[in-house]
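All remarks here apply to the structure that follows.
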Amino acid sequence: MNARDLLKDKKRIVVKIGSSSLTHPYTGNLDLVKLEVLVRELSDLRNQGKDVVLVSSGAIMVGADTLQFEAKPTKLAAKQACASVGQARLMMIYQKLFAEYNQVAGQVLMTKFTMTNDLNRRNARNTFCELLELGVIPIVNENDTIVTDEIEFGDNDNLSAVVAALIHADLLILLSDIDGLYTDDPRKNENARFIEVVECLDDHFKEMGKGSTGSKVGTGGMATKLHAAEIATSAGADMIIANGRDFHILHRIMNGGNYGTLFKANPKEEFYLIDYIGRI
């Protein structure tokens, strides 16, 4: 049995969705049809008896649209105001959609301080475990309303990997606006070669992510995804980077389909989450 077939047996799955995968490309507004597909896919995983956690970007984007900003704000106070409005609105949409599939969604907002403080980290893990035990689908985002440079993860790629490590997930799926890992940025180099499987994430692969940036909507480029892969695989989880243009890809991945780049788990006996968070 190959590594893709083994994905069918994964029991605890973290799915991260980038802002660019949630919006219409020309308006930047939420794509509600895609959101409905995402919720249906996650609900079906839950119906299979799997634990599911969604790490969702989009709060600032939704807030900026609601408050009629012409562009994504750059001033910290404006970002935090947009996050305050947008996070509530985004959760309202998620809870309404999940309820249609008889699922319960819960909100978890985090900062880097949540993870670096021993008591907070233990409490966060206990909360996640209890939510999953109760059959709830936690929806996670950085607490953009209060976060500052000193205590921010900076993007949800790293946050999702930290969550995966915290709750001992066995699979992390990052859905973004790129098909997976290439030898070079395929948007700039037509000779860039796609990489289907990374057996061990060494410096050779890490170099491939340098200089890449996120989309105009999102924040994380390939470098942050590779750092997320380092955290997740070192903690014992497989990780996949795949394109989020069609959220039906989730059940195709879980059925063993050859989509995205698979980073195979490479658990380190000396793994200590705080060490990895310190490099974010």
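Relative contact order for region 112-184 using alpha-carbon pairs under 8 Å, separation at least 6, rounded to a whole percent?
24 percent
Computing the accessible area with a 1.4 Å probe over protein heavy atoms, can you report the carbon and sulfur percentage for the chain?
49 percent
I want to make sure I understand the PRE zone here: with the label point 7 angstrom from the Cα of F271 toward its beta carbon, which residues in region 226-253 have backbone N atoms less than 12 Å away?
Once the point is set 7 Å along Cα→Cβ of F271, 229-239 turn out to lie under 12 Å by backbone N, inside region 226-253.
With unit charges on the beta carbons (Lys and Arg positive, Asp and Glu negative) and the dipole taken about the Cα centre of the chain, which residue among V15, G278, I93 sits farthest to the positive side?
Farthest along the dipole direction, towards plus: I93.
Full-extension gain between D118 and N2, please, as 0.36 nm times their residue separation minus the C-alpha to C-alpha distance.
Numbers: separation 116, 0.36 × 116 = 41.76 nm, distance 3.83 nm.
Result: 37.9 nm gained on full extension.
Amide H to amide H under 5 Å from V198: which residues, 5+ apart in sequence or cross-chain, H placed 1.01 Å off N in plane?
L262, F263, K264
Helix-only mean residue ellipticity at 222 nm, the chain, DSSP H runs n ≥ 4 weighted -39,500 (n - 2.57), per residue, nearest 500. What is it?
My calculation for the chain gives -12000 deg cm²/dmol from helical runs alone.
Quick one: give the max-minus-min coordinate of the C-alpha atoms of the chain along each principal axis, largest first, in Å.
Rounded to whole Å, the extents work out to 48, 45, 37 Å.
What order do L201, L22 take when sorted by accessible area (1.4 Å probe), most exposed first?
Ranked from most to least accessible, the order is L201, L22.
At q = 0.11, 0.15, 0.23 Å⁻¹, what log₁₀ I(q)/I(0) does a Debye calculation on the Cα points of region 1-124 give, no solvent, two decimals?
-0.48, -0.84, -1.33
Report the charge-dipole magnitude of region 1-140 in Debye, nearest 20, computed about the Cα centre from +1 at each Lys and Arg Cβ and -1 at each Asp and Glu Cβ.
Dipole about the Cα centre, nearest 20: 400 debye.
Where in the chain is the longest stretch that carries no GluC sites (Glu not before Pro) classed as loop by DSSP and with at most 14 other Cβ atoms within 10 Å?
Working: sites that count: E70, E190, E196, E199, E269, E270.
With a cap of 14 other Cβ atoms within 10 Å, the longest stretch comes to 71-189.
Under unit Cβ charges (Lys, Arg +1; Asp, Glu -1), what dipole magnitude, rounded to 20 debye, does region 79-175 have relative to its Cα centre? Show your work: numbers first, answer last.
Values: 7 positive and 12 negative charges, 48 e Å.
Rounded to the nearest 20 debye, it is 240 debye.
What are the radius of gyration and Dmax of region 1-47, computed over its Cα atoms and given in Å?
In order Rg, Dmax, the Cα atoms of region 1-47 give 14.1, 44 Å.
Below 8 Å between Cα atoms, with a sequence gap of 6+, how large is the relative contact order for the chain in percent?
Reported as a whole number, the value is 23 percent.
The values are calculated or read from the model by the stated rules, or taken from the named source; none is laboratory data. Note that the coordinates shown come from a computational prediction; the quantities given were computed from them, not determined experimentally. Glycine gets a Cβ as well: all are built from the backbone with ideal geometry, and neighbour counts include every protein chain shown. With ligands, DNA and RNA removed, areas are computed over all heavy atoms of the protein, side chains included. Shrake-Rupley method; radii C 1.70, N 1.55, O 1.52, S 1.80 Å.
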